[in-house]
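Before any comments, here is the structure.
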Amino acid sequence: MLLDGKIPAGPLAEKWDRHRFELKLVNPANKRKFDIIVVGTGLGGGSAAASLAEMGYNVKAFCFQDSPRRAHSIAAQGGINAAKNYPNDGDSIRRLFYDTIKGGDFRAREANVYRLAQVSNAIIDHCVAQGIPFAREYGGLLANRSFGGAQVSRTFYARGQTGQQLLLGAYRSLMRQVAAGKVQMFARREMLDVVLVNGHAKGIVVRNLITGQLERYAADAVVLATGGYGNAFFLSTNAMGSNVTAAYRAYMKGALFANPCFTQIHPTCIPVHGDYQSKLTLMSESLRNDGRVWVPKNPGDKRPANQIPESERDYYLERKYPSFGNLVPRDVASRNAKAQCDEGKGVGDTALAVYLDFADAIKRDGRDTIARKYGNLFEMYDKITGENPYTTPMMIYPAVHYTMGGLWVDYNLMSNIPGLFVLGEANFSDHGANRLGASALMQGLADGYFVLPYTIGGYLVGSPKETLSTSKAPFEEAERGVQARIDKLMAVQGKRTVDDFHRQLGLILWDHCGMSRNNAGLEKARGMVQELRAEFWQNVKVPGTTADLNQSLERAGRVADFLEFAELLLIDALHRQESCGGHFNEAYQTPENEALRNDEEYCHVAAWEYKGIGQDPEFHKEPLTFENVQLTQRSYK
Amino acid sequence: MSKSIDLTLKVWRQAGPKDKGHFETLRAQNISTEMSFLEMLDVVNDQLTLDGKEPIAFDSDCREGICGMCGAVINGRPHGPLKATTLCQLHMRHFNSGDVIAIEPFRAMAFKVIKDLVIDRSAFDQIIQAGGFVSVNTGGAPDANAVPIAQDQVESAMDAAQCISCGACVAACPNASAMLFVSANVSHLALLPQGQPEAARRAIAMVREMDRQGFGNCSNETECEAECPKSISISNIARLNRQFYRASLASSVK
Ligand SMILES: Cc1cc2nc3c(=O)[nH]c(=O)nc-3n(C[C@H](O)[C@H](O)[C@H](O)COP(=O)(O)OP(=O)(O)OC[C@H]3O[C@@H](n4cnc5c(N)ncnc54)[C@H](O)[C@@H]3O)c2cc1C
Ligand code: FES
């Protein structure tokens, strides 16, 4: 089946304006007659819930943490892009659009990305009005910094805590609406199923994580903003609770999953230090503004960094990519780090690390300036590793960070299930095969503040209004299914812990579906995942009971879903017989080892339909057409 | 360089809000000094699970010191011995083999224990609901550069805005006051022109809500500042007090 992205007609720059005009409006007095469920309170969900409530809708918002303010958006460090062109360096909506499309290696929809660039400026305006303390210049105007994949400075930031400040802005707006009685907030709830009534998404089933009770909620539409699935790899920069469960449950109900193999491996993370490790910590990409990446020229050089003379260092990014240097996009930087380590030039105990060195920047700008820009990151590094980056170069290595793939949505951000909308990292929409730094915050807030609040109206006016009730048969059935699965998990009482399985799954994916992939490895990994999944259901041990707070049970449910989802990821990677962005199949590379696309055959979105556990999913294709940009081999030389 | 240490843990176990709770002694063996404190607890929990016992319930999410989800009192100190460090960022290299470590939840009237080390901090959300926001709707904002703000002003606002809402300040305070939390939130917005129009109303509403939630009064004990993992300064409390008294005198907010 060919999928229709419902992209409005007309010239690129006019599509969104025209579409908004053509969308039917919900009469202001009628908005209060509609209930909307928003699952997730990160930048995507938090901003959507607040904006919908401001407009008059009744919102029920859900998150699994103890407060909506703890969504993992809080951990974003570096910044948020916008096409303001405040530095007067030639930025424009078109340039932000182009950089994003190109950065994504031409695997995203033109119309979506253009709209993203168009609304980017309004995001910054709104955030400043909310009281977000973005960094400023001496004159009191907003400061910008550079991020990878761009030659202009368009990233707004609040020290190294941009995500925290943006999320708290959305959270405060959300709290204001809770106080106004327009949002009901349900924290410590985990969504375990979407409920369809007559084919439309009309509710959810959640587990109350404190009491263990299953609860049902009904609404006129359901919005998922449940974040990315990077934790399929076990070790990632995501939070401990980040999961695929919400998205995967929707997939099992018929929502298509698009491009799951587009995963982003971030080049600058603190290297792995032991097999007990529970997560990896990102060192923001903004560090590449001032830090220089290098390895010793000679393989196996074990001298400490400060004893390796300048002439025996290889600043390989600056050497290979003179125009972008240390600021090449993430996929390029990550693959290069891996290549250096594969050649035996890796540093540190494990030889799986490269240096990120600030000595020159400190010499040039002074320690205080560097501390003002990156102080908190340097501190974090010091706390984790016990080393001081002001005097010793940081050691970094790539780690799983972000997932470009996600539930398939049309231009209105609605999935193929009517009434089910997907926002933020959970959808697949704007970043193609590789996301540029500082663009996820932009996309989450664009979706939630400026896109969904309009497009959802079109759905609500255009579809039959049902009476809301949670006693309908589909709710019964969904709850029974959820309960059965929980009981099944508790019944195994085997000999291995949940984390033990999760760690093993992570290694399989990292080894065979990580920074570089090949068909034999992907096939092999698929078999390994199937075996591991079978063992999981025979041998996992979940302690405790279902009738109260049981964190092992929560994790078990998530890992069970990852074990099924991992296979989909591998299937998608096998399907895409090309390299593009974060998906690098060794069989397809240029003579200079860059990703080699195959635009003839793979210039499309691959969207998968669930057909049962262990069954091959059905493939659906959304062809991508480019009318405004020329498809080129990406070059950052 | 990493080495291994053996520890004795005295962990607070409490099955639920109504349970009395007690300390349980557990061993943590072969702990790498490169681990974080929470990774050490993960290892202990794996063993408890395999031994057929219930693992220790504790909250964490980001494990990078930013989400504010984690926290426990370690040998009498919220988030443990290291200054300006959340529990998830505390590493085992700061402990020695043979150490006995007491681990308890943050305690306060307004934070009830849900299970073991997990507490209910929803009172903080309610304080924000009382007024901890700028009343702007999406869509109507002027250009972001329309109002210049002095750099040091924004930096001070940012210092206050870094609060992660973990509750360590409350746990550290002999009166279980939430003044550091409230004052950080009030100060952040009061220091910016965007927060000015509602500054008085906000200060009064949030302080009243704090009282209503059962937090104690501030008597300048300063433990909160010492234990805050984000080094939020008590000068924010002085600022809040000024704001509060000025507002109470002048304001129409009843
Ligand atoms: C360490 C780090 C640094 C980053 N830095 C940057 C940066 O500088 N710039 C940038 O642009 N991007 C950055 N990113 C990416 C960006 O932060 C994320 O992509 C983005 O914040 C995701 O927002 P979200 O709203 O989609 O999801 P999240 O913020 O992850 O929120 C997910 C929400 O869904 C809820 N949820 C999830 N599953 C369930 C369930 N089953 N039931 C109920 N609720 C559920 C959670 O409780 C949470 O509220 C960074 C990411 C990481 C990990
Ligand atoms: S787990 Fe997020 S601050 Fe510790």
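The values are calculated or read from the model by the stated rules, or taken from the named source; none is laboratory data. No experiment lies behind these values; they were computed from the predicted model shown. For neighbour counting, all protein chains shown are included, and Cβ atoms are generated from backbone atoms with ideal geometry for every residue, glycine included. When the accessible area is computed, the model is the full protein with side chains, heavy atoms only, and any ligands, DNA or RNA have been set aside. Shrake-Rupley method; radii C 1.70, N 1.55, O 1.52, S 1.80 Å.
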Can you tell me which residues in region A:106-156 are acidic (Asp, Glu) and touching an Asp or Glu at 6+ places or on another chain (Cβ under 8 Å)?
A:Glu110, A:Asp125
Of A:Arg136, A:Arg115, the only residue that is more than 10 Å from ligand 1 (Cβ to nearest atom) and over 26 Å from A:Phe421 (Cα atoms) is A:Arg136
Can you spot a residue in region A:470-477 that is in contact with a Phe, Trp or Tyr (Cβ under 8 Å, 6 or more places away or on another chain) and closer than 17 Å to A:Gly199 by Cα?
yes
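Matching residues to (1) over 23 Å from B:Asp120 (Cα atoms); (2) among the hydrophobic types (A, V, I, L, M, F, W, C); (3) touching a residue at least 40 places away in the same chain (Cβ under 8 Å):
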{"site": "B:Thr33", "(1), (2), (3)": "yes, no, yes"}
{"site": "B:Gly71", "(1), (2), (3)": "no, no, yes"}
{"site": "B:Cys88", "(1), (2), (3)": "no, yes, yes"}
{"site": "B:Met92", "(1), (2), (3)": "yes, yes, yes"}
Would you confirm whether or not region B:85-103 contains a residue that is among the hydroxyl-bearing types (Ser, Thr, Tyr) and either in contact with an Asp or Glu (Cβ under 6 Å, 6 or more places away or on another chain) or more than 9 Å from every other protein chain (Cβ to nearest Cβ) (or both)?
yes
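Let's see how each residue does on (1) open to solvent by 20 Å² or more (accessible area, probe 1.4 Å); (2) more than 25 Å from the chain's Cα centre (by Cα); (3) in contact (Cβ under 8 Å) with a residue 40 or more places away in the chain:
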position: A:Leu570; (1), (2), (3): no, no, yes
position: A:Cys580; (1), (2), (3): no, no, yes
position: A:Phe584; (1), (2), (3): no, no, yes
position: A:Pro591; (1), (2), (3): yes, yes, no
position: A:Cys603; (1), (2), (3): yes, no, yes
position: A:Trp608; (1), (2), (3): no, no, yes
position: A:Lys611; (1), (2), (3): yes, yes, no
position: A:Phe619; (1), (2), (3): yes, no, yes
position: A:Glu622; (1), (2), (3): no, no, yes
Exactly one of B:Ala102, B:Ala108, B:Ala72 is at pLDDT 95 or above, in contact with a strand residue (DSSP E or B) (Cβ under 7 Å, 6 or more places away or on another chain), open to solvent by 10 Å² or more (accessible area, probe 1.4 Å) and not charged (D, E, K, R), and that one is B:Ala102
So, of the residues in region B:1-25 that are touching a helix residue (DSSP H, G or I) at 6+ places or on another chain (Cβ under 9 Å) and surrounded by fewer than 18 Cβ atoms within 10 Å (Cβ to Cβ), which turns out to be modelled with the lowest pLDDT?
B:Ser2
Name every residue in region B:34-49 that is within 10 Å of chain A (Cβ to nearest Cβ) and touching a strand residue (DSSP E or B) at 6+ places or on another chain (Cβ under 6 Å), in order of residue number.
B:Ser36, B:Met40
Testing B:Ser156 on (1) facing chain A (nearest Cβ under 10 Å); (2) under 19 Å from A:Arg69 (Cα atoms), one condition comes back false. Which one is that?
(2)
What residue, among those in region B:117-153 that are closer than 30 Å to B:Gly21 by Cα and β-branched (Val, Ile, Thr), is nearest to the other protein chains (Cβ to nearest Cβ)?
B:Val118
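Considering each of B:Met210, B:Met206, B:Met179 in turn, give the residue that is over 16 Å from B:Ala161 (Cα atoms) and surrounded by 23 or more Cβ atoms within 10 Å (Cβ to Cβ).
None of the others qualify; the one that does is B:Met210.
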Right, B:Val134: away from ligand 2 (no atom under 16 Å from the Cβ) and touching a residue at least 60 places away in the same chain (Cβ under 8 Å) or not?
yes
Looking at (1) in contact with a Ser or Thr (Cβ under 7 Å, 6 or more places away or on another chain); (2) within 11 Å of chain B (Cβ to nearest Cβ); (3) within 12 Å of ligand 1 (Cβ to nearest atom); (4) open to solvent by 10 Å² or more (accessible area, probe 1.4 Å), find the lone condition where A:Ala82 falls short.
(4)
Quick one: in region A:13-33, of everything that is touching a residue at least 60 places away in the same chain (Cβ under 8 Å) and closer than 11 Å to A:Gly458 by Cα, which residue is most open to solvent (accessible area, probe 1.4 Å)?
A:Leu25
Of the residues that make up region A:96-103, is at least one facing another protein chain (nearest Cβ under 10 Å), buried (at least 22 other Cβ atoms within 10 Å of the Cβ) and not acidic (Asp, Glu)?
no
Answer with yes or no whether A:Asp500 is in a helix (DSSP H, G or I), within 29 Å of A:Asp548 (Cα to Cα), in contact with an Asp or Glu (Cβ under 9 Å, 6 or more places away or on another chain) and open to solvent by 20 Å² or more (accessible area, probe 1.4 Å).
yes
Tally up the residues in region A:138-167 that are free of Cβ contacts under 8 Å to residues at least 40 places away in the same chain and open to solvent by 10 Å² or more (accessible area, probe 1.4 Å), please.
2
Going through region A:490-515 one residue at a time, which ones are within 14 Å of chain B (Cβ to nearest Cβ) and either more than 28 Å from the chain's Cα centre (by Cα) or acidic (Asp, Glu) (or both)?
A:Met490, A:Val492, A:Gln493, A:Gly494, A:Lys495, A:Arg496, A:Asp499, A:Asp500
What are the residues in region A:383-409 that are away from chain B (no Cβ under 14 Å), in a strand (DSSP E or B) and touching a helix residue (DSSP H, G or I) at 6+ places or on another chain (Cβ under 7 Å), if any?
A:Met394, A:Tyr397, A:Pro398, A:Val400, A:Tyr402, A:Thr403, A:Gly406, A:Leu407
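Here's the yes/no breakdown for (1) farther than 18 Å from A:Pro389 by Cα; (2) in contact with a Ser or Thr (Cβ under 9 Å, 6 or more places away or on another chain); (3) away from chain B (no Cβ under 14 Å); (4) among the charged types (D, E, K, R):
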| position | (1), (2), (3), (4) |
| --- | --- |
| A:Val272 | no, yes, no, no |
| A:Asp275 | yes, no, no, yes |
| A:Ser278 | yes, yes, no, no |
| A:Met283 | no, yes, no, no |
| A:Gly291 | no, yes, yes, no |
| A:Val295 | no, no, yes, no |
| A:Pro299 | yes, no, yes, no |
| A:Ala305 | no, yes, yes, no |
Take the residues in region B:26-69 that are within 16 Å of ligand 2 (Cβ to nearest atom) and outside any loop (DSSP other than H, G, I, E, B); name whichever of them is surrounded by the most Cβ atoms within 10 Å (Cβ to Cβ).
B:Phe37
